[in-house]
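Before any comments, here is the structure.
The values are calculated or read from the model by the stated rules, or taken from the named source; none is laboratory data. On a predicted model such as this, the values are computed, not experimentally measured, just so you know. Note that each Cβ is placed from the backbone with ideal geometry, even for glycine, and that neighbours are counted across all protein chains shown.
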Amino acid sequence: MTLAPPSPSAALQPLQLPWDLRLSADQFERVCQANPDAVLELSADGQLIAMTPTGSETGARNNELLFQLTQFSKAARTWRVFDSSSGFRLPDGSVLSPDASLVRLERWQALSPEQRRGFAPLCPDLVVELARASDEGPRGLTALRRKMEAYLANGAQLAWLLLPEERAVEIWRADAAVNPERLDNAKTLDAGDLFSGLTLDLGPIWDV
């Protein structure tokens, strides 16, 4: 597939996606390079998923989330933190971008420089997604729950789905049953032994 660089006027137009378009992970990466302003993911069957930009409130929550994960990472010195612009090429062929994620340092360092520059061919150890108030679209609760299942099926050890409107968390674990554990009125969130020392203070994330 040959992609011409977008013209300045084309960059202002919405991305049009044929309903039957299917791409490989390599083709998807080239599409992203040709459409740097588009927010896209790729499903396991090769379908493009057009993500809408987050609202300002969600962006502020995500910033606080990344701040806390970065503090943990710097103290532990054994993890790499990634934000929502980081795509990962999962074993099933999909390319997904969690709102925040952690990858064990030794796994990151095992990648080649070329692999690090592109969509890293691995699933993060920990993924976090922030649900929006509406259940519509790829950032809605139904779609995010499918992503939680996909992360675990592709090797994630732990996945957190934060529900700010309800001040609740769904905890998805690799060694647990399909149904996640739900914490209501959650104030803190402990990642357990696999991520020793990681505890989120949810107050600043809820109260932006």
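What to note about this one:
- Of the residues making up the stretch 172-183, those that are hydrophobic (A, V, I, L, M, F, W, C) and farther than 19 Å from GLU64 by Cβ are TRP172, ALA174, ALA176, ALA177, VAL178.
- Members of the stretch 100-145 found to be modelled with pLDDT under 95, under 24 Å from LEU202 (Cβ atoms) and charged (D, E, K, R), listed by number: ARG132, ASP135, ARG139, ARG145
- Test: residue in the stretch 53-62 that is aliphatic (A, V, I, L, M), at pLDDT below 80 and out of contact with any His (no Cβ under 7 Å at 6 or more places or on another chain): no
- Any hit, the stretch 86-98, residues being over 27 Å from ASP135 (Cβ atoms), modelled with pLDDT of 95 or more, in the same structural domain as SER196 (by TED's automatic domain parsing) and among the hydrophobic types (A, V, I, L, M, F, W, C): no
- Qualifying residues in the stretch 31-52 (those that are more than 30 Å from GLU166 (Cβ to Cβ) and in contact with a Ser or Thr (Cβ under 9 Å, 6 or more places away or on another chain)) - the one modelled with the lowest pLDDT: GLY46
- Candidates in the stretch 46-98 are the residues that are without any contact (Cβ under 8 Å) to a residue 24 or more places away in the chain and of a type outside the set (Gly, Ala, Ser); of these, the one that is surrounded by the most Cβ atoms within 10 Å (Cβ to Cβ) is VAL81.
- Scanning the stretch 184-195 for residues that are surrounded by 12 or more Cβ atoms within 10 Å (Cβ to Cβ) and farther than 16 Å from LEU65 by Cβ returns GLY192, LEU194.
- Boolean, ARG22 is surrounded by 15 or more Cβ atoms within 10 Å (Cβ to Cβ) and modelled with pLDDT of 80 or more: no
- Meets criteria (assigned by TED's automatic domain parsing to the domain that holds SER97 and either over 18 Å from the mean Cα position of the chain (by Cα) or modelled with pLDDT of 95 or more (or both)) for LEU17: no
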